[in-house]
Amino acid sequence: MPRAHRSFLSGHIWHITHRCHKKEFLLKFARDRDRWRFWLFQAKKRYGLCVLNYIVTSNHVHLLVHDQGNGEIAKSMQLIAGRTAQEYNLRKDRKGAYWDDRYHATAIETGEHLARCITYIDRNMVRAGVVRHPEDWIWSGYYEIQYPSERYMVIDTERLLELNDMKSEDHYRDFRKACVDSEFHICDMKRNPEWSNSLAVGSSLYIDNVKAALGKSSRCRSKIIKGGGYALREPSISYTKLFEC
């Protein structure tokens, strides 16, 4: 399989997924999920990482960020992944890889697609059958939005309000809850791989623009219709076939 995609285009919103090595449950303890979130907070302080949403599960993480064009995403991921792994291996007297080879990044269009992606991240542990509602999982952006704290906030609430064209945090909090609750009525409990496996998700025009911006690196990628929009997919082929595109 090709290595996970992580090319960034300045100004875009990126949905990043990073899985533990061989899908092991290396984040199953609360202390390790706390440490991942601590280093996310440090990345925000050190590099100005603009965090829109996140969730820490038992064997992978989701992170939604707005690229400011200063290389802050790559620096932040190196810090968070590196320090989390170091601390865990030291505590457990463990050696070897903690994370899968590379994290994957999917460009997300603003508007409806952004709202749907946020909801998809919020409902991760509900789909896994671990909790009944997103508010029951404290290691998440949803919990942070619904129950804000004065300390260690990582979500950029102002940017979220701006992107969703809302004037108050209370209004956005209600909107976020309504989006999550609406999913229960349509029984959407399946994983939608386009949010995590694609290079981009959005309207047809947005996909065309992303593909053009990626240049030669996107020549093997194809635009497909998926759900209420489009996705730019990587080919599911071997390394040998990849060089033939």
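Computed values, structure above
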{"read-out": "Residues that are at pLDDT below 95 and either within 18 Å of the chain's Cα centre (by Cα) or within 12 Å of Ile80 (Cα to Cα) (or both), drawn from segment 18-51", "value": "Lys23"}
{"read-out": "From the options Ile108, Ile80, Ile138, residue that is aliphatic (A, V, I, L, M), more than 28 Å from Ser204 (Cβ to Cβ) and in contact with a helix residue (DSSP H, G or I) (Cβ under 8 Å, 6 or more places away or on another chain)", "value": "Ile80"}
{"read-out": "Per-region count, segment 127-142, residues in a helix (DSSP H, G or I) and either at pLDDT below 95 or under 16 Å from the mean Cα position of the chain (by Cα) (or both)", "value": "4"}
{"read-out": "Test result for Ile145, under 18 Å from the mean Cα position of the chain (by Cα), surrounded by fewer than 20 Cβ atoms within 10 Å (Cβ to Cβ) and not in a strand (DSSP E or B)", "value": "no"}
{"read-out": "Residue, surrounded by the fewest Cβ atoms within 10 Å (Cβ to Cβ), within segment 105-126, restricted to residues that are part of a loop (DSSP other than H, G, I, E, B) and more than 14 Å from the chain's Cα centre (by Cα)", "value": "Gly111"}
{"read-out": "Identity of the residue in segment 155-178, within 21 Å of the chain's Cα centre (by Cα) and among the hydroxyl-bearing types (Ser, Thr, Tyr), that ends up surrounded by the fewest Cβ atoms within 10 Å (Cβ to Cβ)", "value": "Thr157"}
{"read-out": "Subset of segment 197-208 (residues that are under 23 Å from Leu63 (Cα atoms) and either modelled with pLDDT under 80 or surrounded by fewer than 20 Cβ atoms within 10 Å (Cβ to Cβ) (or both))", "value": "Asn197, Ser203"}
{"read-out": "Residues of segment 43-95 that turn out to be in contact (Cβ under 8 Å) with a residue 40 or more places away in the chain and assigned to a helix (DSSP H, G or I), as a count", "value": "11"}
{"read-out": "Tyr152 vs. criteria closer than 25 Å to Phe38 by Cβ and surrounded by fewer than 20 Cβ atoms within 10 Å (Cβ to Cβ)", "value": "yes"}
{"read-out": "When residues of segment 75-96 are limited to those that are small (Gly, Ala, Ser) and at pLDDT 95 or above, the one surrounded by the most Cβ atoms within 10 Å (Cβ to Cβ)", "value": "Ser76"}
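The values are calculated or read from the model by the stated rules, or taken from the named source; none is laboratory data. The model shown is predicted, which means the values in this text are computed figures rather than measured ones. Note: ideal-geometry Cβ built from the backbone for every residue, glycine included; neighbour counts use all protein chains shown.
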